[in-house]
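Below: one structure, written as structure tokens.
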Amino acid sequence: MSVIPVLEADVLRRQDPELAEILLGELARQSTTLQLVAAENFTSPAVLAALGSPLANKYAEGYPGARHHGGCEIVDVAERVAVDRAKALFGAGHANVQAHSGSSAVLAAYAALLRPGDTVLALGLPYGGHLTHGSPANFSGRWFDFVGYGVDAETGLIDYAQVRSLARTRRPKAIVCGSIACPRHIDYAFFREVADEVGAYLIADAAHPIGLVAGGAAPNPVPYADVVCATTHKVLRGPRGGMLLCGSELAERVDRAVFPFTQGGAQMHTIAAKAVAFGEAATPAFTAYAHQVVANARVLAAGLAAEGFVVTTGGTDTHLITADPLPLGADGRAARGQLAAAGMVLDCCALPHGDSRGLRLGTAAVTTQGMGEGEMAGIAALMAGVLRGRVDARRARDEARDLVGGFLPYPG
Ligand SMILES: Cc1ncc(COP(=O)(O)O)c(C=O)c1O
């Protein structure tokens with residue numbers, strides 16, 4: 001199946017060569033460089049087909065069976081399929097698949113459970129909290145009184161004792177667990193216990209690990225959290241978007257928090273693509289994929305450590321690794337630039353000890369491409385070679401291109 005059917009049909013190329021060039025340029029970039037951004041993946045051609053389908057034309061404010069627009073009988077079925085598949089995949093009493101993004105899902109969770117001014121306990125931004133976990137630049141920091149817990153400066157692990165003591169002293173209305181940079185499993189049972197002790201709601205922002213949860217390679221927050229927010233891209237390998245999972249007792253509050261409180265019309269093409277991705281994630285092939293993502297990340301983390309990177313928490317349980325490249329001669333920001341010039345695309349991030357920036361990378365995309373442990377060891381060596389000046393950027397770029405050429409994300 002073609003990745004971009006409209007391009008194959010030459011429609012876009014004839015009508016808008018400028019945009020066709022841009023789309024093909026991005027396809028070429030993804031097919032010639034290593035995609036190590038921890039939050040990215042390659043969706044299947046089936047997901048792309050749903051995204052590029054006529055469902056993109058449909059307005060559908062409301063929920064199946066109760067829309068504000070006519071002609072929703074087909075898209076209603078798509079949304080019901082997506083909801084049923086999400087509920088089955090994660091063992092949830094209720095799923096809302098309309099959230100436009102991970103941030104929209106978090107906004108809706110707060111809208112469902114909180115009032116402006118409420119106190120919320122979440123991982124502090126310097127330690128891997130997301131912008132929606134209380135950044136002053138975000139609605140969350142403006143509208144709620146966020147209190148941040150941290151990570152242990154030595155181990156890089158969540159400081160669970162601090163979570164408990166802050167919960168006891170600050171009595172938050174909600175506790176948020178979830179991170180953009182935590183490479184280890186989160187102890188949801190602990191967070192539930194603390195939330196119960198202080199009478200708080202527990203919100204799990206599982207944007208990163210939710211795909212591993214689907215594949216049985218990470219603990220499921222659904223039995224513990226009042227509301228789980230997630231993205232459908234990242235390891236889950238669906239379209240860019242968000243979702244919320246909760247018990248049936250909160251279903252109505254969550255749905256009303258998404259529409260009409262924080263969003264308008266649902267994006268039905270994206271919801272159909274989410275359904276496709278949930279279907280894919282329920283297969284044994286996806287279970288194998290999720291476990292391979294973790295196996296690859298462990299080998300990559302061990303390879304980086306052996307090359308001299310300081311790997312946060314000493315390794316990973318997930319798809320995600322953060323590491324300090326300073327012993328190799330560059331801080332995270334400089335290293336990201338050098339590695340990008342050498343055909344390896346990743347992010348920089350804050351590090352637990354806070355005195356320099358680190359690197360954040362992940363194995364979701366390269367594993368979708370079919371790479372395994374051998375390739376991960378090679379990537380660690382190539383990264384180190386570039387940063388230590390043993391391999392010049394041009395040679396590294398050629399090596400990265402050759403490697404990706406053997407594992408094209410969209411062959412043909
Ligand atoms: C923990 C967490 N929450 C929320 C989000 C926001 O997702 P989005 O970029 O889709 O708004 C992210 C995105 O990376 C995330 O990692």
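Key figures for this structure:
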item: Scope segment 135-149; condition closer than 30 Å to Gly314 by Cβ, within 16 Å of the ligand (Cβ to nearest atom) and open to solvent by less than 20 Å² (accessible area, probe 1.4 Å); matching residues; result: Ser135, Tyr149
item: Every pair of residues 6+ apart whose Cβ atoms lie under 7 Å, when the first sits in segment 228-254 and is within 14 Å of Val83 (Cα to Cα) and of a type in the set (D, E, K, R) while the second is open to solvent by 10 Å² or more (accessible area, probe 1.4 Å) and near the ligand (Cβ under 8 Å from one of its atoms); result: none
item: In segment 92-132, residue nearest to the ligand (Cβ to nearest atom) [restricted to those that are assigned to a loop (DSSP other than H, G, I, E, B) and closer than 14 Å to Ser179 by Cβ]; result: His130
item: Residue match in segment 57-67 (condition: assigned to a helix (DSSP H, G or I), of a type in the set (S, T, N, Q) and open to solvent by less than 40 Å² (accessible area, probe 1.4 Å)); result: no
item: Selection status of Leu55, within 23 Å of Cys349 (Cα to Cα) and not hydroxyl-bearing (Ser, Thr, Tyr); result: no
item: First in segment 133-147 and farther than 16 Å from Gly178 by Cα, second anywhere and more than 14 Å from the ligand (Cβ to nearest atom) and open to solvent by 20 Å² or more (accessible area, probe 1.4 Å), Cβ under 6 Å, 6 or more apart; result: Trp143/Pro116; Phe144/Asp118; Asp145/Thr119
item: Considering residues of segment 185-206 that are more than 11 Å from the ligand (Cβ to nearest atom) and closer than 17 Å to Ser140 by Cα only, the residue farthest from the chain's Cα centre (by Cα); result: Tyr201
item: Flag for Val176 being within 14 Å of the ligand (Cβ to nearest atom), of a type in the set (A, V, I, L, M, F, W, C) and open to solvent by less than 40 Å² (accessible area, probe 1.4 Å); result: yes
item: Meets criteria (within 13 Å of the ligand (Cβ to nearest atom), within 30 Å of Gln162 (Cβ to Cβ), more than 13 Å from the chain's Cα centre (by Cα) and buried (at least 24 other Cβ atoms within 10 Å of the Cβ)) for Pro209; result: no
item: Within segment 317-347, tally of residues that are open to solvent by less than 20 Å² (accessible area, probe 1.4 Å) and either free of Cβ contacts under 8 Å to residues at least 12 places away in the same chain or not charged (D, E, K, R) (or both); result: 16
item: Any hit, segment 259-280, residues being in contact (Cβ under 8 Å) with a residue 24 or more places away in the chain, hydroxyl-bearing (Ser, Thr, Tyr), part of a loop (DSSP other than H, G, I, E, B) and crowded, with 16+ Cβ neighbours inside 10 Å; result: no
item: Segment 224-257: number of residues that are more than 14 Å from the ligand (Cβ to nearest atom), out of contact with any His (no Cβ under 8 Å at 6 or more places or on another chain) and open to solvent by less than 20 Å² (accessible area, probe 1.4 Å); result: 1
item: Which numbered condition Cys182 misses (of (1) within 13 Å of the ligand (Cβ to nearest atom); (2) not in a loop (DSSP other than H, G, I, E, B)); result: (2)
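Residue by residue, here is whether (1) in contact (Cβ under 8 Å) with a residue 60 or more places away in the chain; (2) over 25 Å from the mean Cα position of the chain (by Cα); (3) part of a helix (DSSP H, G or I) holds:
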{"residue": "Val366", "(1), (2), (3)": "yes, no, yes"}
{"residue": "Ala377", "(1), (2), (3)": "yes, no, yes"}
{"residue": "Ala384", "(1), (2), (3)": "yes, yes, yes"}
{"residue": "Val391", "(1), (2), (3)": "no, yes, no"}
{"residue": "Pro411", "(1), (2), (3)": "no, no, no"}
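The values are calculated or read from the model by the stated rules, or taken from the named source; none is laboratory data. Source: prediction; values computed, not measured. All Cβ positions, glycine included, derive from the backbone under ideal geometry; neighbour counts span all protein chains shown. Ligands, DNA and RNA are stripped out before the accessible areas are found, and what is left, the full protein with its side chains, is counted by its heavy atoms. Shrake-Rupley method; radii C 1.70, N 1.55, O 1.52, S 1.80 Å.
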